[in-house]
Amino acid sequence: MSATIVSSWNEFDPLKHVIVGRADHTCIPPDEPATQAKIPEDSDMRGMWGPRPLETVEKANSQLDTLAGVLENRGIRVDRPSPIQWNQAVHTPDFSTGSQFGCMPPRDVILTVGKEMLSAAMSFRCRYFEYLAYHDLMQRYFDEDPAFRWEQAPRPRLSDRSYKSGYFDEITIQDRLERAAALDFVTTEHEPLFDAADVCRLGRDLFCQHGLTTNRRAMEWLQRHFPDHRVHAINFPGDPYPIHIDATFVPLKPGLIINNPNRRLPQDQRKIFEANDWEIVDAAPPAHAQPPALCYSSVWLSMNCLVLDHQTVIVEASEVHQMEQMDQLGMEVIPVEFRDAYPFGGGLHCATADVYREGSCEDYFPNQVRGTQIRR
Ligand code: ABU
């Protein structure tokens, strides 16, 4: 096995080394201030918590193992996290919660920017210790790559001051949409909070979704932490559950992004893409009317694909419309069955975290447009 090199600047350059999550011991966490944000009103998960049924864990792991095998067969190195017993309660000086979550979606936790892997300051109390599942891997990368930067964003306190009390009381979908449009989310601006999956990496520019899991203060922190980057705040008012950018705004190659047609980027925020000749096309509709049972995510995991290089993409095998669109966009499609893994934290992009993609830090947006940048 070749020595580890950590480096990834975007979502589409040739992938050579990746982490694929594991479903072992995953729990549905008990209610807490932020998790209600993630659970749709009519979800079968409302009021349930505890370890997920073993049979579903085994099915999810089987599909995760298949994904790992597909990647390895293409010469991509795959590492796996070390799950802990996620049913353990968490107690800190500021909060307690009855269980943790899991480590199927490494993309939520780990943000790779160049030579750095940064553990996010996540807003869910049940995910406070999730970074531990990656500790052995980080230690190994640190030992093997002398230039690797092993980083941790400020650990949030997640006291009640980090959440708006009563935000979800009797909330309707219309309320959610109005609040999303008004940038009124359950998290406050008390401390930096973000999920790594809210950040879309496009070379020198990091586009961050302002939503239920990422606040403006985190973007300020990211801008100071990555001073050579330009951090942008974008939002998608059509999404009643604005959590994670990767089923909403998905780059396929330099100059091309698919955008969820129910969650279009507002016109004023498109200007920077237009000024730099990027094409934003509506994503194809999902093949399914409903997500699988006990799933946090929407049917738009259809577009949560894993780009292997500028011509190749892995798409969930039953997503016939998305596969057809990829084909029309000139991509070679590798179908992989993955719906059994969805309930454990998302789709093919969610289930992975980049360690190494070829390529360097390009400036895809030399024509900057005022409005979205954090640094003015
Ligand atoms: N982690 C991506 C989930 C986004 C969605 O449910 O649409």
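Quick note: the coordinates plus some simple rules give every number you see, no bench work behind them. Everything numeric in this text was worked out from a predicted model, so none of it was measured. All Cβ positions, glycine included, derive from the backbone under ideal geometry; neighbour counts span all protein chains shown.
Numbers below:
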item	result
Of the GluC sites (Glu not before Pro) in the stretch 229-338, those whose Cβ has at most 14 other Cβ within 10 Å and which sit in DSSP loop	E337
Rounded to whole Å, sorted largest first: equivalent-ellipsoid semi-axes of the stretch 285-355, Cα gyration tensor	20, 15, 8
Whole-number D in µm²/s for the stretch 10-153 (Stokes-Einstein; Kirkwood sum over Cα pairs; 25 °C, 0.890 mPa s)	148
Per-selection Kirkwood Rh - the stretch 142-231 (Cα, Å, 1 d.p.)	14.9
For the stretch 219-376, the spread of Cα positions along each principal axis, largest first, Å	44, 32, 30
Cα coordinate range in the stretch 68-178, projected on the principal axes (Å, largest first)	51, 34, 28
Per-residue HN-Hα couplings for the stretch 237-248 [Karplus 6.51, -1.76, 1.60; θ = phi - 60°; Hz; x = Gly/Pro]	x, x, 9, x, 10, x, 9, 6, 8, 8, 10, 10
Ranking of I272, I19 by count of other Cβ atoms within 10 Å, fewest first	I272, I19
Charge sum, other residues only, whose C-beta stays under 13 Å from P266's C-beta, Lys/Arg counted +1 and Asp/Glu -1	+1
Fraction in percent of alpha-carbon pairs per bin - 5 Å, the stretch 183-278	3, 14, 25, 26, 19, 11, 2, 0
Alpha carbon convex hull of the chain, projected area averaged over orientations, nm²	16.7
Highest average packing first - 301-307, 93-99, Cβ atoms within 10 Å	301-307, 93-99
DSSP-defined beta bridges in the stretch 148-280 - what % are antiparallel, rounded to 5	55
Spin-label zone in the stretch 300-319 - amide nitrogen under 15 Å from a point set 7 Å from the Cα of E55 along the C-beta vector	none
Percent of beta bridges antiparallel (DSSP, the chain, rounded to nearest 5)	55
